[in-house]
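First the structure, in the form of structure tokens, and then the observations on it.
The values are calculated or read from the model by the stated rules, or taken from the named source; none is laboratory data. It should be emphasised that the depicted structure is a prediction, and the values quoted were computed from it without experimental measurement. Cβ placement follows ideal geometry from the backbone for every residue including glycine, while neighbour counts extend to all protein chains displayed. All accessible areas refer to the heavy atoms of the entire protein, side chains included, with ligands and DNA or RNA removed. Shrake-Rupley method; radii C 1.70, N 1.55, O 1.52, S 1.80 Å.
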Amino acid sequence: MDVSGIDWAEGHHDVAIIADTGKLQAKCRINDDLDGYRLLLDLLAEHGDTAETPIPVAIETSHGLLVATLRQGPRKTYAVNPMAASRYRDRHGVSRKKSDPGDALVLANIIRTDAPVHRPLPADTDLAQAVAVLARAQQDAVWNRQQVANQLRSLLREHFPAIIEAFRDKPGTLTRPDARRILAVAPTPALAAKLPMWKLTPMLRRAGRRRGIETDAERIQQLFRREAPRQLPLVEEIGDDRTRFATAGGLKAYAGSAPITRASGKRRYVGRRFAKNNRLNHVGHLWAFASLSGSSGADAHYRRRRAGGDWHMQALRHLFNRMLGQLHHCLLARTPFDESIAFPTEPLPANTTAT
């Protein structure tokens with residue numbers, strides 16, 4: 001009996017059907033849509049897939065619309081662990097080459113040779129599958145909520161520890177409705193210290209509190225107004241110390257926009273910098289990308305780099321690198337930005353047209 005393997009991806013899936021001898025019977029690539037699923041079912045039917053003798057399928061996932069389509073009926077669908085599939089791949093070659101059609105063939109061979117040691121997805125009823133989906137979604141929501149709460153707590157511990165102390169012994173701590181409501185109104189220690197009782201008490205009441213509101217509001221207000229170490233009112237990534245970077249090159253290296261050169265003998269390598277401030281580098285990418293629609297000079301510079309052979313990210317990084325130099329000059333010279341000076345008019349390459 002034929003067996004099938006599917007290497008799934010976000011936009012398309014590669015399908016391989018092999019005979020029990022291992023001979024490839026058919027292969028194709030389908031889109032991740034209804035037409036693609038129909039093409040898959042038609043292909044399986046052409047090779048003997050029927051309600052009485054369905055062709056088993058191996059795939060590296062147990063979720064998604066494609067799997068749901070395959071599970072409609074008595075077909076055995078094997079969700080093969082990706083790590084196990086990787087180990088099987090080594091049995092077919094030592095070069096460790098990898099391709100999507102090749103992976104589909106490997107998955108089909110897994111079921112052909114070792115189906116007894118792999119468990120197909122259970123033939124659950126529609127109700128059981130629905131319960132499993134809801135239970136999984138609820139558990140994921142709880143985990144995600146806790147992860148976000150931990151990130152929030154870590155941030156507040158450095159900037160606003162009083163809010164952590166205020167709800168430390170309360171069920172739910174920072175995820176409570178009253179804690180979230182207070183943070184929305186007073187996200188900083190300075191704003192929290194100014195909260196009057198007439199505003200704090202209704203906030204707790206609107207958050208669903210019913211008992212001990214006045215007492216707890218007074219306790220929270222005392223915590224917020226207690227003397228404690230605080231960060232500077234304005235905390236930025238670079239800050240406003242104009243002497244922090246003596247040269248524009250230092251700022252560019254810190255942001256990761258300046259390329260790094262390695263030379264040894266006849267070999268010379270120029271590539272992007274990995275040791276950098278990742279946050280500033282990410283902001284720089286957004287800054288450069290946004291400037292394409294807000295600055296004609298930046299847009300022209302970007303298009304010149306693309307016309308010269310740079311790919312998209314290279315051109316953006318070069319634009320960010322140039323704008324950092326301009327920023328450094330403006331900060332040290334205390335002069336406003338002038339686009340006519342920053343991006344003097346330069347002719348575009350002959351094969352480039354303005355957009």
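How long are the semi-axes of the equivalent ellipsoid of segment 101-207, defined as square roots of 5 times the Cα gyration tensor eigenvalues? Whole Å, largest first.
After scaling each eigenvalue by five and taking roots: 50, 18, 10 Å.
Note down the magnitude of the dipole of segment 116-171 about its Cα centre, charges +1 on Lys and Arg C-beta and -1 on Asp and Glu C-beta and zero elsewhere, to the nearest 20 debye.
160 debye
Which log10 I(q)/I(0) values, to two decimals, does segment 141-187 give at q = 0.26, 0.27, 0.33 Å⁻¹ under the Debye formula with one point per Cα?
-1.03, -1.10, -1.39
Please report the antiparallel percentage of DSSP beta bridges with both residues in the chain, rounded to the nearest 5.
Antiparallel bridges make up about 75 percent of those DSSP assigns within the chain.
In whole percent, how big is the carbon plus sulfur part of the accessible area of segment 56-178, probe 1.4 Å, protein atoms only?
56 percent
Which lysines have a Cα less than 19 Å from the Cα of Lys252, not counting those fewer than 8 places away in the same chain?
Lys276
Evaluate 2.2 N^0.38 Å with N set to the residue count of segment 1-125, then give the Cα radius of gyration divided by it.
For segment 1-125, the normalised Cα radius of gyration comes out at 0.97.
Can you give me the accessible area per residue for the chain, using a 1.4 Å probe, in Å²?
Working: 22670 Å² over 355 residues.
Here the residues of the chain average 64 Å² of exposed surface.
How far apart, in nm, are the 7 Å Cα→Cβ label points at Thr345 and Cys28?
Once both label points are built, they end up 5.8 nm from each other.
Give the Debye-formula value of log10 I(q)/I(0) at each listed q (0.08, 0.09 Å⁻¹), with one equal scatterer per alpha carbon of the chain, two decimals each.
One equal scatterer on each Cα of the chain leads to -0.81, -0.94.
Just name one of Ala79, Ala123, Pro189: the one whose Cα is farthest towards the positive end of the charge dipole of the chain (beta-carbon charges, Lys/Arg +1, Asp/Glu -1).
Value: Pro189.
Given Lys27/Lys98; Lys23/Lys76; Lys98/Lys266, which pairs have Cα atoms separated by over 26 Å?
Lys98/Lys266
So what is the diffusion coefficient of segment 193-290 in µm² per second by Stokes-Einstein at 37 °C and 0.692 mPa s, using a Kirkwood Rh over Cα pairs?
176 µm²/s
Using R₀ = 30 Å, calculate the FRET efficiency as 1/(1 + (r/R₀)^6) where r is the Cβ-Cβ separation of His12 and Asn144; round to 0.05. Display every interim value, and only then the final one.
Details: r = 29 Å, r/R0 = 0.95.
The pair His12/Asn144 has a calculated efficiency of 0.55.
Please report the relative contact order for segment 1-148, taking Cα pairs under 8 Å with a sequence separation of at least 6, and give it as a percent rounded to a whole number. Let's see the in-between values first.
Values: 207 pairs, mean separation 39.4, N = 148.
In percent, rounded to a whole number, it is 27.
Towards the positive end of the charge dipole of segment 262-301, with charges on Cβ (+1 Lys, Arg; -1 Asp, Glu), say which of Val270, His285, Ala298 has the farthest Cα.
Val270
Which value, in debye to the nearest 20, gives the size of the charge dipole of the chain about its Cα centre, when Lys and Arg are +1 and Asp and Glu are -1 at the Cβ? Please list the in-between numbers first.
Numbers: 53 positive and 37 negative charges, 373 e Å.
With Lys and Arg at +1 and Asp and Glu at -1, about 1800 debye.
What's the whole-number percent of alpha carbon pairs in segment 245-339 lying beyond 20 angstrom?
The calculated P(r) of segment 245-339 puts 40 percent of pairs beyond 20 Å.
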